[in-house]
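Notes follow once the structure below has been shown.
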Number of protein chains: 4
Amino acid sequence: MNSFGEKFRVQIYGESHGLGVGIIIDGIPPGIPIHVADFEHDLSRRRSGHMGTTTRVESDVPEFMSGVFKHFSTGAPINIFFRNSDVRSQDYEDTNLLPRPGHADFVAHRKFLGYNDYRGGGHFSGRLTAAIVGAGIVAKKLLHPIKIEANLSEIGGHKNFEDILALTIQKNDSIGGLVNCQVLGIPIGWGEPFFNSIESMISHLVFSIPAVKGIEFGSGFGAAKMFGSEHNDEIISMDGTTRTNYSGGINGGISNGNTISFNVSIKPTSSISKPQSTIDLKTGNINSLEIKGRHDVCIALRAPVVIEAMTAIALADLKLGYEI
Amino acid sequence: MNSFGEKFRVQIYGESHGLGVGIIIDGIPPGIPIHVADFEHDLSRRRSGHMGTTTRVESDVPEFMSGVFKHFSTGAPINIFFRNSDVRSQDYEDTNLLPRPGHADFVAHRKFLGYNDYRGGGHFSGRLTAAIVGAGIVAKKLLHPIKIEANLSEIGGHKNFEDILALTIQKNDSIGGLVNCQVLGIPIGWGEPFFNSIESMISHLVFSIPAVKGIEFGSGFGAAKMFGSEHNDEIISMDGTTRTNYSGGINGGISNGNTISFNVSIKPTSSISKPQSTIDLKTGNINSLEIKGRHDVCIALRAPVVIEAMTAIALADLKLGYEI
Amino acid sequence: MNSFGEKFRVQIYGESHGLGVGIIIDGIPPGIPIHVADFEHDLSRRRSGHMGTTTRVESDVPEFMSGVFKHFSTGAPINIFFRNSDVRSQDYEDTNLLPRPGHADFVAHRKFLGYNDYRGGGHFSGRLTAAIVGAGIVAKKLLHPIKIEANLSEIGGHKNFEDILALTIQKNDSIGGLVNCQVLGIPIGWGEPFFNSIESMISHLVFSIPAVKGIEFGSGFGAAKMFGSEHNDEIISMDGTTRTNYSGGINGGISNGNTISFNVSIKPTSSISKPQSTIDLKTGNINSLEIKGRHDVCIALRAPVVIEAMTAIALADLKLGYEI
Amino acid sequence: MNSFGEKFRVQIYGESHGLGVGIIIDGIPPGIPIHVADFEHDLSRRRSGHMGTTTRVESDVPEFMSGVFKHFSTGAPINIFFRNSDVRSQDYEDTNLLPRPGHADFVAHRKFLGYNDYRGGGHFSGRLTAAIVGAGIVAKKLLHPIKIEANLSEIGGHKNFEDILALTIQKNDSIGGLVNCQVLGIPIGWGEPFFNSIESMISHLVFSIPAVKGIEFGSGFGAAKMFGSEHNDEIISMDGTTRTNYSGGINGGISNGNTISFNVSIKPTSSISKPQSTIDLKTGNINSLEIKGRHDVCIALRAPVVIEAMTAIALADLKLGYEI
């Protein structure tokens, strides 16, 4: 199932080298202003064109196929479509039978019995995150004045990125990164104890972003090394303010009024120009594969706005569907 | 919503100091053998009574309220009930208006407008994990011969636990821990690209376990520091076997035939005997709170079987509902 | 799946001759008063003991297994259980292999591979409507001051029932009936165009009541014979009041502010004392079957309160989950 | 929510006078052949152009926006789009504030606070049934060799339609009709007792077709007048064949192996050229309205293929998601 949410429901579709990618948002109240210009800022953050990103550059102009009338949401499903234009499918003909290490090629081939659109990863492509960012922009409008801010905090373990990026490019390699995301101004009481905790909803969506390997809220993996007397956040005000924020703004799966904070680990881009071994699905032989095509050196550079979008989708669903 | 799953659907209910806790499993095929004795092993792993665990000991005998006939599943919903017996509610009368730091008391009071059953955390209590373990046992039967094995790997950062546990008890404190979980023998092709990746499904459920602060699959947070040439798992056989397993057995959200491996960070038990500051919800004053009641020194000791259960529930849903 | 609803979600469980039947209601806001006494009126309407109803009489006292604390809903799932007491299972041992005509015995045996609890129809029994009435009572509380009123309008085609009932009893036969249900005071705007129209939601649930064969809203089957100039309801006031109400209070699947009205056809009770032919599932021979056990002469007598309950559940879900 | 289904999930979108209408089908297995030509037959049955149907004629060529590669389903979501072309929106500018009797104009205006796309009924338009027929064609492929056949059985109460149609056209009026639908070759065991009976699933979808007022399965409303000894279908063979078929092929919500049969009542087209009274939403005055635009005299003429499509969608979901 390529959908998520009970009330703010998103249904994603499309392929990297097909007609385009898109998303339907169902459950949007009427009267939300929707203009193409509102989408430019976040889409440009996701778009490539900077050092360390692919040279495939899509214009990413959203087409509203339904649900928008006279520049407002109507209450009917909004279908946002991003047409593919800068497509060089011939780069990918090889990957059909030579699955790229780290990619979904092998599992897609097996799961879908060879019928999958393998060009550029097809439906598994990072290209689909354009649609996610589109839905995130609408979700952020709903969540106003709550603020969601994700930023890259490390690349390859370094907080200052330039040298490590340059080195990676020079080596024809790729590199991982770490993103921190904060949600400011969220009211007390969102989330459900079992099984729709805020962490459950956010992690569910964040782990659907290609390349995500881990997520931690508040103290995260540090909590495993701490004593309770250190970790407990003492409550110091009737509005729920705590002295520390090891909980990351969430107790029992419910927002406690403090800032929600979480970290996301992004693996290095799987596509690298170096030769790698893989299996030939036709012959069963191990072959050497050099990946052509245009790729990001560090996909984490483009991840923060996608993580914001997923967080916004999770919270919009909690807001509309579960708020009491 | 206190339910999860499309096909293997669980609906949890109950409170720590009410009549009991339970879970309904809907979607179970007929003909699965169900005996009380099958539940003993996993329930005893969750149960307390060892060093570092609470002195509240429940017998945890499952009652099958429906869906089981002549010791087999009938195909109708199975309702598994665990009656509460060893209840000392008077310990908790205070917590109604003096929310315990690190607990859900404050958010529950606010979200449910003061109507929540606050005794022992009510519906937010770790007591409900008995029901989850119960459902996990049924899920494991469905998944046979797939094996799910979770083990405690660290307490307080130590791989040898005894000294740190003894120290923590002596200090009237509590301590966090780390659990590793492995899924062996899972076929290729389970999981969905958007939005029901295997990581999405497992993390959704694992983050509904009280005290979980982080989860990482395969290389996890280490991936953020790695080069692509290190991280990519080369495919060396037609059955999908890879030379390394940084992916943790999953590509594009889909099982790739290798062992699934993930780590979970568990925070220290929030209930500690040391005095802590909190707000008095009646007066608005900051008060000192000494938590009475019986508590675990290290809740991570009891977590592995709960993590196994949640993993089994996620995979049973993928098996029944999504497998093609 | 034995659940329904997005926001006011019900999960039914139990069997006719097992421990009992019950229902979990998830999504109930906190602070709704819940007393056993509130359930007496509707449960007594469903209960047998009158002319034309079975001599099996259950006391039907609801047990609140969870979600109720100090006589109020807590916001956690409410599990309402009705213990079985007046059970004579030996009456049903035969039906395992001699499926009763008109009943679900044959399909249950085949669908569940012989593992189904066949005693008294097991999970298919009308006994489960006690749980539905229980959930309906809670739903009605949520819908206040909307009124839902169902009444028997015909038995065997007669508006005056006594003679036809007496005749049917005398013939050891059973008889069908017609129920009309009205919803008064529903606001404008509930329901969704595709696919959760009010008619869709109500019919979905009403067709899960055993013995229902048809449903029609407003003009219903009469509409197939009408001209548009007769059928169209002219709008005569800003509050949506129409001159006629052929639409049955619904346009485009959405409530229009007028009274919702629909009819439900109930077939004659399938269990009759007369000998009937059926197949012997063991031998394949056609056998004559005389049904023992205690049965209703006209199940439609007990149906109105069940139809009210289903209507209330559908509308409570629309109110909580979809209202804007 | 404009979606339906657990496993064969459809998400509809679009408006009568916007860019077009469409539907996403999620859950389709890979390898189903999908050609434009496969859609022609059913779409032409829905299309107008015959006596008694509107003069708006759309070409209805499906565009596969995603999920189809080299003429096969890939396993990813299939987005089928029907572009609008023959649009005369100026006909509808009036209807924004003069709601047409029998239409959804009034409720749409109120529910969506005036933001709805009112042109031609917008998202409520019968135009969306093109998308439903599209999804139905895919569903029928999945259900092969099960056959679903719906036919018009009466118009205005007449089994011979020509005279009554001519009369209605002459009177500038519209007229209702009755459709019978049969499902042949369905295996035993589809459907769920609570709450996804076959009748529940089919009626849920059929009542989302504009103009449907009633549905009855097997004996339907006749059952309310029958004795049990007449109504019970005696089982005469191990494959479940019954002597009669008053049950309409379903017992306890489950298919019993016999032909499923149901009737659907369709109201007369709401748009008629005769003057009608309605409220002016701006002034509150009662005005006379003459509806311009192009309309069907008898919408029931075009309904059978839409009813088939909805039935196919319901059964495809039961097949993929619930079958055991």
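The values are calculated or read from the model by the stated rules, or taken from the named source; none is laboratory data. All values reported here derive from a predicted model rather than from experimental measurement. No Cβ is skipped: glycine too gets one built from the backbone with ideal geometry, and neighbour counts run over all protein chains shown. Accessible surface is based on the protein model in full, side chains and every heavy atom, while ligands, DNA and RNA are left aside. Shrake-Rupley method; radii C 1.70, N 1.55, O 1.52, S 1.80 Å.
Within the range B:254-264, which residues are out of contact with any Leu (no Cβ under 9 Å at 6 or more places or on another chain) and either under 30 Å from residue B:302 (Cβ atoms) or in a strand (DSSP E or B) (or both)?
B:254, B:258, B:261, B:262
Could you check the range B:92-149 and list, in sequence order, the residues that are polar (S, T, N, Q) and away from chain A (no Cβ under 14 Å)? Full working, then the answer.
Going residue by residue through the range B:92-149, those that are polar (S, T, N, Q) are B:95-96, B:116, B:125, B:129.
Scanning the range B:92-149 gives a single hit, B:96.
So is residue B:292 within 16 Å of residue B:97 (Cα to Cα), in contact with a helix residue (DSSP H, G or I) (Cβ under 9 Å, 6 or more places away or on another chain) and at pLDDT below 95 or not?
yes
Can you tell me how many residues in the range B:20-33 are open to solvent by less than 10 Å² (accessible area, probe 1.4 Å), more than 9 Å from chain C (Cβ to nearest Cβ) and assigned to a strand (DSSP E or B)?
Of the range B:20-33, the ones open to solvent by less than 10 Å² (accessible area, probe 1.4 Å) are B:20-26, B:28.
Next, only the ones that are more than 9 Å from chain C (Cβ to nearest Cβ) stay: B:23, B:25, B:28.
Remaining after also requiring assigned to a strand (DSSP E or B): B:23, B:25.
Qualifying residue count, the range B:20-33: 2.
Tell me, which residue of the range D:151-177 that is acidic (Asp, Glu) and out of contact with any Ser or Thr (no Cβ under 6 Å at 6 or more places or on another chain) is nearest to the other protein chains (Cβ to nearest Cβ)?
Taking the range D:151-177 first, the residues acidic (Asp, Glu) are D:154, D:162-163, D:173.
Still in the running and out of contact with any Ser or Thr (no Cβ under 6 Å at 6 or more places or on another chain): D:154, D:162-163.
Numbers: D:154: 6, D:162: 17, D:163: 14 Å.
In this case the residue turns out to be D:154.
How about the range D:64-86: which of its residues are farther than 26 Å from residue A:96 by Cβ, crowded, with 24+ Cβ neighbours inside 10 Å and out of contact with any helix residue (DSSP H, G or I) (no Cβ under 7 Å at 6 or more places or on another chain)? Working first, answer last.
Taking the range D:64-86 and keeping what is farther than 26 Å from residue A:96 by Cβ, we get D:81-86.
Of the ones still in play, those that are also crowded, with 24+ Cβ neighbours inside 10 Å are D:81-82.
Scanning the range D:64-86 gives a single hit, D:81.
Regarding the range A:153-174, can at least one residue be identified that is open to solvent by 10 Å² or more (accessible area, probe 1.4 Å), touching a strand residue (DSSP E or B) at 6+ places or on another chain (Cβ under 7 Å) and under 19 Å from residue B:214 (Cα atoms)?
Within the range A:153-174 (the criterion being open to solvent by 10 Å² or more (accessible area, probe 1.4 Å), touching a strand residue (DSSP E or B) at 6+ places or on another chain (Cβ under 7 Å) and under 19 Å from residue B:214 (Cα atoms)), the answer is yes, since at least one residue qualifies.
Pairs needed: first member in the range D:212-224, more than 7 Å from every other protein chain (Cβ to nearest Cβ); second member anywhere, open to solvent by less than 10 Å² (accessible area, probe 1.4 Å); C-beta distance under 6 Å; at least 6 residues apart or different chains.
Once the first residue is more than 7 Å from every other protein chain (Cβ to nearest Cβ) and sits in the range D:212-224, its partners that are open to solvent by less than 10 Å² (accessible area, probe 1.4 Å) give D:212/D:206; D:212/D:264.
Are any residues in the range A:269-308 open to solvent by 20 Å² or more (accessible area, probe 1.4 Å) and under 18 Å from residue A:42 (Cα atoms), and if so, which ones?
Across the range A:269-308, the qualifying residues are A:299, A:301, A:302.
Between a residue in the range A:1-19 that is closer than 16 Å to residue D:12 by Cβ and within 8 Å of chain B (Cβ to nearest Cβ) and any residue that is open to solvent by 10 Å² or more (accessible area, probe 1.4 Å) and among the charged types (D, E, K, R), which pairs come within a Cβ distance under 8 Å, given they are 6 or more apart or on different chains?
A:2/B:192; A:3/A:9; A:3/D:9
Given the criterion modelled with pLDDT of 95 or more and in a helix (DSSP H, G or I), identify the matching residue among B:164, B:186.
Sole residue among the options that is modelled with pLDDT of 95 or more and in a helix (DSSP H, G or I): B:164.
For (1) assigned to a strand (DSSP E or B); (2) more than 7 Å from chain A (Cβ to nearest Cβ); (3) of a type in the set (S, T, N, Q), each residue gets a yes or a no:
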{"site": "B:191", "(1), (2), (3)": "no, yes, no"}
{"site": "B:229", "(1), (2), (3)": "no, no, yes"}
{"site": "B:240", "(1), (2), (3)": "no, no, no"}
{"site": "B:284", "(1), (2), (3)": "no, no, no"}
{"site": "B:287", "(1), (2), (3)": "yes, yes, yes"}
{"site": "B:296", "(1), (2), (3)": "no, yes, no"}
{"site": "B:300", "(1), (2), (3)": "no, yes, no"}
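If residue B:198 passes every condition in (1) within 22 Å of the chain's Cα centre (by Cα); (2) surrounded by 24 or more Cβ atoms within 10 Å (Cβ to Cβ); (3) within 7 Å of another protein chain (Cβ to nearest Cβ); (4) modelled with pLDDT of 95 or more but one, which one does it miss?
The one condition residue B:198 does not meet is (3).
What number goes with the only condition from (1) modelled with pLDDT under 95; (2) facing chain B (nearest Cβ under 7 Å) that residue A:273 does not pass?
Only one criterion in (1) modelled with pLDDT under 95; (2) facing chain B (nearest Cβ under 7 Å) is unmet by residue A:273, namely (2).
Considering the range A:242-270 alone, what residues qualify as being among the aliphatic types (A, V, I, L, M), facing chain B (nearest Cβ under 7 Å) and either touching a Ser or Thr at 6+ places or on another chain (Cβ under 7 Å) or under 30 Å from residue A:291 (Cα atoms) (or both)?
Selection gives A:266 alone.
Residues being out of contact with any Gly (no Cβ under 8 Å at 6 or more places or on another chain) and of a type in the set (Gly, Ala, Ser): count how many of those fall in the range C:194-239.
The total comes to 4.
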